[in-house]
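Undergrad: My questions all concern the structure below.
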Amino acid sequence: MLKRIYLSLVVFFTSEEVTYSQKQTTAFQQTWVAYLNQSRFSDKWGTWTDLHLRTRENYMDNLSQTIARFGLTYYVNNNTKLTAGYAYVSLYPWDNHKNVTQPEHRPWQQIQWHTNYPKLKLMQWLRLEERFKHKIKNDDELADGYNFNYRLRYNFYLAVPLSRRPFAPGTFSFVFNDELHINFGKEITYNYFDQNRLFVGFVYHTTKTDNIQFGYMNFFQQLPAGNQYKNIDVARFFYFHNLDFRRK
């Protein structure tokens, strides 16, 4: 079923010149760890911080990417937030830049909303990114200037408690999470569909607001050539930390 969904997305977003018979898929195994923080300083204002480290292959070999992302959040209400910020991304040596790290500058804007029930939590966000990736001259050297494109991301998150005390400290929940990425802009030719991240796993609730999330993610990505893809099995470990500095 999952392969059918991926194939449908690929057919819809790629050029007619790219046929299924030309498809080349490379498989990897990676580990992703991250710290994600949302801090609230008043009824209307807060901050967003997330830090990521990702390995390249065989779960523990080499680094593929690090991300430091920051933002300023405006709370429309307790369940709806608007955030704008900046992310700095380091893309460590890869096939077309084997001996040099490629930097990326990424301004971003987002709307995030929560829907909470006694035994169910839903979260969604829609994020727009402006991606400035440093050009590559050769395996050993960066070129002058940047490649640019927009990327739109839609994220859906569902958590179901596995305890009679829903979401209480010391309990677990089951998590389903899917995030779709779409490229657009004049420099995008073949890979309007960028990637899909499908995650299933568990949450351990350390406090009423904080949790550790761990599980398996399938990362499926189309590369700029249009007929080349990555299918990555990911072991994912995230810590979500929420702070509220408002006076009680």
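Undergrad: In region 30-74, which trypsin sites (Lys or Arg not before Pro) are in a loop and have at most 16 other Cβ atoms within 10 Å, using DSSP for the loop call? If you can, show how the numbers build up before the last one.
TA: On the way: sites: ARG40, LYS44, ARG54, ARG56, ARG69; in loops: LYS44.
When the trypsin sites (Lys or Arg not before Pro) of region 30-74 are filtered for loop state and at most 16 Cβ neighbours within 10 Å, LYS44 remain.
Undergrad: Which lysines, on any chain, are close to LYS98 with Cα under 26 Å apart, when same-chain ones fewer than 8 places away are left out?
TA: LYS23, LYS133, LYS135, LYS137, LYS230
Undergrad: Straight-line reach only, C-alpha to C-alpha below 26 angstrom: list the lysines that LYS121 could link to, leaving out same-chain residues fewer than 8 apart.
TA: Straight-line reach from LYS121, under 26 Å: LYS44, LYS81, LYS208, LYS248.
Undergrad: Run the helix sum for the chain: -39,500 (n - 2.57) per DSSP H stretch of 4+ residues, divided by residue count, reported at 222 nm to the nearest 500 deg cm²/dmol.
TA: Numbers: 1 runs with 12 residues, N = 248.
So the calculated ellipticity at 222 nm is -1500 deg cm²/dmol.
Undergrad: Among the chymotrypsin sites (Phe, Trp or Tyr not before Pro) in region 190-243, which ones are in a DSSP loop with at most 15 other Cβ atoms within 10 Å of the Cβ? Mind listing them?
TA: Numbers: sites: TYR190, TYR192, PHE193, PHE199, PHE202, TYR204, PHE214, TYR216, PHE219, PHE220, TYR229, PHE237, PHE238, TYR239, PHE240; in loops: TYR190, TYR192.
Filter output for region 190-243: empty list.
Undergrad: Show me, for region 216-233, the HN-Hα J-couplings you get by feeding each phi into the Karplus relation (A = 6.51, B = -1.76, C = 1.60, θ = phi - 60°), rounded to Hz, glycine and proline as x.
TA: Karplus values, whole Hz, x for Gly and Pro: 10, 10, 9, 10, 10, 9, 9, 8, x, 5, x, 10, 10, 9, 10, 10, 10, 8.
Undergrad: Taking the Cα atoms only, what angle lies between the long axis of helix 2-13 and the longest principal axis of the chain, rounded to 10 degrees?
TA: Once rounded, the angle reads 60 degrees.
Undergrad: Just need the relative contact order of the chain here, percent rounded to a whole number, with Cα pairs under 8 Å and 6+ apart.
TA: Values: 672 pairs, mean separation 47.2, N = 248.
Value for the chain: 19 percent.
Undergrad: Also, I was wondering about something else. Identify the trypsin sites (Lys or Arg not before Pro) of region 113-171 meeting these criteria: DSSP loop state and at most 15 other C-beta atoms within 10 Å of the C-beta. Please list the in-between numbers first.
TA: Details: sites: LYS119, LYS121, ARG127, ARG131, LYS133, LYS135, LYS137, ARG151, ARG153, ARG164; in loops: LYS119, ARG164.
Listed in order of number, the matching sites are LYS119, ARG164.
Undergrad: Shifting gears a bit: Can you compute the FRET efficiency between THR80 and GLN24 using 1/(1 + (r/R0)^6), with r the Cβ-Cβ distance and R0 = 45 Å? Round to the nearest 0.05.
TA: On the way: r = 42 Å, r/R0 = 0.94.
Taking R0 as 45 Å, the efficiency between THR80 and GLN24 is 0.60.
Undergrad: So, one more: 5 Å is the cut-off here: which amide hydrogens, built 1.01 Å from N in the peptide plane, fall below it relative to VAL100, excluding neighbours closer than 5 in sequence?
TA: TRP94
Undergrad: Follow-up. For region 168-189 and region 56-73, what is the centre-to-centre distance using only Cα atoms, to the nearest Å?
TA: Centre-to-centre (Cα) distance: 15 Å.
Rule-based calculations on the coordinates, nothing more; no lab input. As the structure is a computational prediction, the values presented were derived from the model and not from experiment. Neighbour counts are summed over all protein chains in view; Cβ atoms, including those assigned to glycine, are modelled from backbone coordinates with ideal geometry.
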